[in-house]
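Enquirer: First the structure, which I've put down as structure tokens, then a few questions once you've had a look.
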Amino acid sequence: MNKLFKLLSLNMRDYLNFYKILNAPSFSSKCQELFKFIFIILVYCIFGFFIYMFAKLLLETLITLKIEYVCLGIFFALSNIIILISSCFLIDGLFYNSKDYDILNSLPISKNIIITSKMLNLYFSNLLFTILIMVPVLIAYTSLVSVNISFYILYIITIFIIPLIPTIISIIIGSLITFISTRFQAKKLFQFIIMSISIVIYFYFSFKNSSLNEIQLAELGQSFLNMFNKIYPLTNNYLDLLLNHNLKSLLIFIILPIILYIITTVIISSIYKNIISKIGERKKHKNYTLKVTNNKQFISLFKKELKRLLSSPMYIFNSLYGLILLILGIVIILFMSPEKIATLTGFTEFVNLIKDKNALLIGLTLLLSCTTSSSISLEGKNLWIVKSIPVDPLKIFFSKINVNFWITFIPGVISIFIINYLFKLGIGNLLLNILIISNYAFLVSILGLIINLHFPYFDWKNEVRVIKQSLAVFLSLTCGLAIGLVFLLCNLKLELIIIILLFINIILFLYLKYVGVKLWSKL
Amino acid sequence: MLKIVNFTKKYNKNFTAVDNLNLEINDGDIYAFVGHNGAGKTTTIKAIAGIINFDEGDIFINNKSIKHDALKAKMDLAYIPDNPDLYEHLKGIDYIDFIASMYNVDVNRKKELIEKYADMFEIKENLGDEISSYSHGMRQKIALIAALVHEPKVLILDEPFVGLDPVCTHHLKEEMHRLAQNGCTIFFSTHVLDVAEKLCNKIAIIKKGKLIYQGLMEEVTKNKSLEESFMEIENEQTI
């Protein structure tokens, strides 16, 4: 137990800034770390405020339909699904490709303690995410719906229990996929494909036969819950516990993680060394012939950045949340017409929103897709390479920006074409929308990079730390969300939005050129 | 030619890692940079390579300032760190190709030199493997090939022999001699004094950020080994 606590506290130092505040060598550096800590809290609060506003808007609609409890079910199911899917992509890096593997395994610490410490690390980061989602929802819910004290107690207890189950399930799934992938040459590609297919199958069976249709509109609340219960089967138990104080449901939430934990430690203990030794195997390419390219500096830098992104399923998935939302949205619109969606959801303005503000909606999803906000930190111990080569820092910046730009711009433009075709919006509208999308794609790319230049983190042992849990990523996501919502909610003309975006982009470019380069030289 | 003028580097404003260092390394010199752990060797080398900023002084590579004309200065320079952390997601050949394209190396010359050095360091058949599967020594060899493939005029190495097998160590020493004869400036840090004694024509000793000795190797090793001379110089400074 003592060893487990020591391992945990060691890892916590990496996450929690107050260790740095306490151990800073001088007063000025203590103040600097304190400022950073306050800033992190502020960014978290802003993000929480967005969730609060969103939950309140949703609740106002649900209260008129007398199905306000659906809001709790929706946020419960969504936070669980996000934790489950995003954690699956982290398992390989966190458990099996971590840089501390050699040192940990050479110490007299049992395998179970190492696994449990890693499991708890993942749990704590998912707990932070759950708090960030569920606390603003609680505030919004209790400000509009009257509840008793036992509701508060049970709600707070469940916040700590919620991330346990998806965390443990993700460890089982992620470990099994890693175990199978070790048998393949392109194991990262295999992992990405198999996880993507699993997600598609998961949602296909969740939505299949979902009884959300016009006949059942009178029972809309139950229909919604049925749908979310299919997506995440514990949703009904969660509501049963909160609303009816059913202790059976509480028992499920306590016993299930314990059973899952035992299964996980048994499975991982039996395949742990096997996976590690397979990962360490050196695969030789037979009949290798020497091939070199004639690439120019920029193309080589661009290819290097693209390969970095494609080499890590976790990097792809965690940086491109917005794109995944966009693709899902477009597929739903293609298979279910916007009119039908409007009827089913009771959101009558949906058709007009898609017609008039499709570029801003798509732009919002692009603003949530940012690979550049962790691209500087990801250089990590390789930073010496890019700093010692004879290349203008701006060229290095633009190689990173271009990767994110094209990855977001192409799906954005395809989506614009699809919506333009569905609504026959005309060539003028199409061109305006493409201009908006290109500006959004550039904005998120350059903004993410600037934020990462201000808040780099190079001493990571595992890339999870910078891709998922860094301040730069979180700040970039919050800024993107804020910018996207402001443009979406203000009724500005598209032409004016283009001018504003262009102006912001020019300012950001100049900032990168004059301040960004200086920040780079100090790294 | 490498010229270090009044170079000072401070960390956190209150710790001076290197204090007013002056060195001049001419074309064809093989210069050893020796000192305790934490004496300031790696800091100096990183500043020469343009990796870290510095507070005072300047560093010139073939008369081009690394501070004010960094891109031109770096064009003549190759740097190999003490711990070759390379891009793990790339194959060995992709990494070398990437570095060579940063120095605009002609494609035919690139191929010719990669073949030559891959044969020399016995790593040709592993060039197509991912760097993540390499051992420390193999990474070191890839870093060496990538550094040599653009035919640098100034070669900066931080502990270059760590992790290399005896055959490759021998080949590297021979290659360093050949490069120096062709006018290349070589500056490297090492803790292996025997290697420095046999390989270098000049030596600089640094202690707690200050240069305590510089001169010809034959002068410092008159009638005794470099190890003995090093200990004497160190003790004189302590007293």
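The values are calculated or read from the model by the stated rules, or taken from the named source; none is laboratory data. Not measured: the values here are computed from a predicted model. Positions of Cβ are generated from backbone atoms using ideal geometry, with glycine treated the same way; all protein chains shown enter the neighbour counts. Side chains are part of the model used for accessible areas, which takes the heavy atoms of the whole protein and leaves out ligands, DNA and RNA. Shrake-Rupley method; radii C 1.70, N 1.55, O 1.52, S 1.80 Å.
Enquirer: Quick check on the stretch B:112-125. Is at least one of its residues at the interface with chain A (Cβ under 7 Å from one of its Cβ atoms) and modelled with pLDDT of 90 or more?
Expert: Kept after step one, since they are at the interface with chain A (Cβ under 7 Å from one of its Cβ atoms), are these residues of the stretch B:112-125: B:114-115, B:125.
Filter again for modelled with pLDDT of 90 or more, leaving B:114-115.
Within the stretch B:112-125 (the criterion being at the interface with chain A (Cβ under 7 Å from one of its Cβ atoms) and modelled with pLDDT of 90 or more), the answer is yes, since at least one residue qualifies.
Enquirer: Pull out all pairs, ordered by first then second residue, where Cβ-Cβ is under 6 Å, the residues are six or more apart or on different chains, the first lies in the stretch A:138-155 and is open to solvent by less than 80 Å² (accessible area, probe 1.4 Å) and modelled with pLDDT of 90 or more, and the second is part of a helix (DSSP H, G or I) and among the small types (G, A, S).
Expert: A:A140/A:A55
Enquirer: Would you point out which residue out of B:I66, B:I59, B:I99 is at the interface with chain A (Cβ under 10 Å from one of its Cβ atoms), buried (at least 19 other Cβ atoms within 10 Å of the Cβ) and not small (G, A, S)?
Expert: B:I99
Enquirer: Among the residues of the stretch A:381-421, write down those that are at pLDDT below 90 and buried (at least 21 other Cβ atoms within 10 Å of the Cβ).
Expert: Within the stretch A:381-421, A:I419 is the sole residue that qualifies.
Enquirer: Here is a follow-up. Select from the stretch A:423-436 the residues that are part of a loop (DSSP other than H, G, I, E, B) and among the hydrophobic types (A, V, I, L, M, F, W, C) and list them in ascending order. Write out each step before concluding.
Expert: Going residue by residue through the stretch A:423-436, those that are part of a loop (DSSP other than H, G, I, E, B) are A:424-426.
Within the stretch A:423-436, A:L425 is the sole residue that qualifies.
Enquirer: Return the only residue of A:C71, A:C45 being within 20 Å of the chain's Cα centre (by Cα), modelled with pLDDT of 80 or more and not β-branched (V, I, T). Let's see the steps before the verdict.
Expert: Working: A:C71 fails: within 20 Å of the chain's Cα centre (by Cα).
Sole residue among the options that is within 20 Å of the chain's Cα centre (by Cα), modelled with pLDDT of 80 or more and not β-branched (V, I, T): A:C45.
Enquirer: Name every residue in the stretch A:63-80 that is assigned to a helix (DSSP H, G or I) and either among the basic types (K, R) or touching a Phe, Trp or Tyr at 6+ places or on another chain (Cβ under 8 Å) (or both), in order of residue number. Let's see the steps before the verdict.
Expert: Of the residues in the stretch A:63-80, the ones assigned to a helix (DSSP H, G or I) are A:63-64, A:69-80.
Residues satisfying the conditions are A:V70, A:C71, A:L72, A:G73, A:I74, A:F76, A:A77, A:S79, A:N80.
Enquirer: Which condition breaks for B:E122 when tested against (1) among the charged types (D, E, K, R); (2) assigned to a loop (DSSP other than H, G, I, E, B); (3) touching a strand residue (DSSP E or B) at 6+ places or on another chain (Cβ under 7 Å)?
Expert: (3)
Enquirer: Okay, moving on. Among the residues of the stretch B:9-18, is any at negative phi, surrounded by fewer than 19 Cβ atoms within 10 Å (Cβ to Cβ), hydrophobic (A, V, I, L, M, F, W, C) and within 13 Å of another protein chain (Cβ to nearest Cβ)?
Expert: At the first step, the residues of the stretch B:9-18 found to be at negative phi are B:9-11, B:14-18.
Keeping just the survivors that are surrounded by fewer than 19 Cβ atoms within 10 Å (Cβ to Cβ) gives B:10-11, B:14-16.
Filter again for hydrophobic (A, V, I, L, M, F, W, C), leaving B:15.
Next cut, within 13 Å of another protein chain (Cβ to nearest Cβ) only: B:15.
Yes, the conditions are met somewhere in the stretch B:9-18.
Enquirer: Residues in the stretch B:22-30: is at least one open to solvent by less than 70 Å² (accessible area, probe 1.4 Å) and within 14 Å of chain A (Cβ to nearest Cβ)?
Expert: Filtering the stretch B:22-30 for residues open to solvent by less than 70 Å² (accessible area, probe 1.4 Å) gives B:22-23, B:25-26, B:28-30.
Imposing the further condition that a residue be within 14 Å of chain A (Cβ to nearest Cβ) reduces the set to none.
Within the stretch B:22-30, not a single residue is open to solvent by less than 70 Å² (accessible area, probe 1.4 Å) and within 14 Å of chain A (Cβ to nearest Cβ).
Enquirer: Now, a different point. Please determine, by comparing only the residues of the stretch B:114-123 that are touching a residue at least 24 places away in the same chain (Cβ under 8 Å) and open to solvent by 10 Å² or more (accessible area, probe 1.4 Å), which one is farthest from B:G137 (Cα to Cα).
Expert: Restricting attention to the stretch B:114-123, the residues satisfying the condition of being touching a residue at least 24 places away in the same chain (Cβ under 8 Å) are B:114, B:117-118, B:120-123.
Okay, now just the ones that are also open to solvent by 10 Å² or more (accessible area, probe 1.4 Å), so B:120, B:122.
Details: B:M120: 14, B:E122: 11 Å.
Out of the qualifying residues, it is B:M120.
Residue-wise test of (1) β-branched (V, I, T); (2) in contact (Cβ under 8 Å) with a residue 24 or more places away in the chain; (3) not in a helix (DSSP H, G or I).
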site	(1), (2), (3)
A:K357	no, yes, no
A:L366	no, yes, no
A:G380	no, yes, no
A:V386	yes, no, no
A:Y421	no, no, no
A:S438	no, yes, no
A:F442	no, yes, no
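Enquirer: Would you please name the residue that is farthest from the other protein chains (Cβ to nearest Cβ), looking only at residues in the stretch B:142-163 that are over 23 Å from B:S65 (Cα atoms) and open to solvent by 10 Å² or more (accessible area, probe 1.4 Å)?
Expert: Of everything passing the filter in the stretch B:142-163, B:F161 is farthest from the other protein chains (Cβ to nearest Cβ).
Enquirer: Quick one: which residue in B:I93, B:I80 is closer than 26 Å to B:T190 by Cα and among the β-branched types (V, I, T)?
Expert: Working: B:I93 fails: closer than 26 Å to B:T190 by Cα.
Exactly one of B:I93, B:I80 is closer than 26 Å to B:T190 by Cα and among the β-branched types (V, I, T), namely B:I80.
Enquirer: Then there's this: Would you list the helices (runs of 4 or more DSSP H) that sit entirely within the stretch A:444-523 and hold 3 or more residues that are closer than 21 Å to A:I41 by Cβ and open to solvent by less than 40 Å² (accessible area, probe 1.4 Å)? Walk me through how you get there before you give the answer.
Expert: Values: elements: A:464-467, A:471-489, A:494-511, A:517-522.
The helices (runs of 4 or more DSSP H) meeting that bar are A:471-489.
Enquirer: Being part of a helix (DSSP H, G or I), more than 7 Å from every other protein chain (Cβ to nearest Cβ) and more than 21 Å from the chain's Cα centre (by Cα) is the filter here, so list the residues in the stretch B:127-141 that pass it.
Expert: Start the filter on the stretch B:127-141 by keeping residues that are part of a helix (DSSP H, G or I), which leaves B:131-133, B:136-141.
Subset that is more than 7 Å from every other protein chain (Cβ to nearest Cβ): B:131-132, B:136-141.
Listed by number, the residues that qualify are B:I131, B:S132.
Enquirer: For the stretch B:44-54, does any single residue satisfy the condition of being open to solvent by 60 Å² or more (accessible area, probe 1.4 Å), of a type outside the set (S, T, Y), within 14 Å of chain A (Cβ to nearest Cβ) and over 17 Å from the mean Cα position of the chain (by Cα)? Spell out the reasoning first.
Expert: Step one: list which residues in the stretch B:44-54 are open to solvent by 60 Å² or more (accessible area, probe 1.4 Å), which gives B:46, B:53.
Remaining after also requiring of a type outside the set (S, T, Y): B:46, B:53.
If we keep only those that are within 14 Å of chain A (Cβ to nearest Cβ) as well, we get B:46, B:53.
Now drop any that are not over 17 Å from the mean Cα position of the chain (by Cα), which leaves B:53.
Checked against the condition, which is being open to solvent by 60 Å² or more (accessible area, probe 1.4 Å), of a type outside the set (S, T, Y), within 14 Å of chain A (Cβ to nearest Cβ) and over 17 Å from the mean Cα position of the chain (by Cα), the stretch B:44-54 yields at least one hit.
Enquirer: Let me confirm something: among A:I103, A:I113, which residue is surrounded by fewer than 23 Cβ atoms within 10 Å (Cβ to Cβ), touching a helix residue (DSSP H, G or I) at 6+ places or on another chain (Cβ under 6 Å), β-branched (V, I, T) and within 30 Å of A:S277 (Cβ to Cβ)? Walk me through it before giving the result.
Expert: Numbers: A:I103 fails: touching a helix residue (DSSP H, G or I) at 6+ places or on another chain (Cβ under 6 Å).
Only one candidate passes the filter, namely A:I113.
Enquirer: Looking only at the stretch A:397-404, decide whether some residue is more than 14 Å from chain B (Cβ to nearest Cβ) and on the phi > 0 side of the Ramachandran plot.
Expert: Checked the stretch A:397-404: no residue is more than 14 Å from chain B (Cβ to nearest Cβ) and on the phi > 0 side of the Ramachandran plot.
Enquirer: When the residues of the stretch B:74-84 are narrowed to those that are open to solvent by 10 Å² or more (accessible area, probe 1.4 Å) and modelled with pLDDT of 90 or more, which ends up farthest from the other protein chains (Cβ to nearest Cβ)?
Expert: Taking the stretch B:74-84 as the starting set, the residues that turn out to be open to solvent by 10 Å² or more (accessible area, probe 1.4 Å) are B:74-76, B:79, B:82-83.
From the residues that got through so far, the ones that are modelled with pLDDT of 90 or more too are B:74-76, B:79.
Values: B:K74: 4, B:M75: 4, B:D76: 9, B:Y79: 5 Å.
Restricting to residues being open to solvent by 10 Å² or more (accessible area, probe 1.4 Å) and modelled with pLDDT of 90 or more, the top hit is B:D76.
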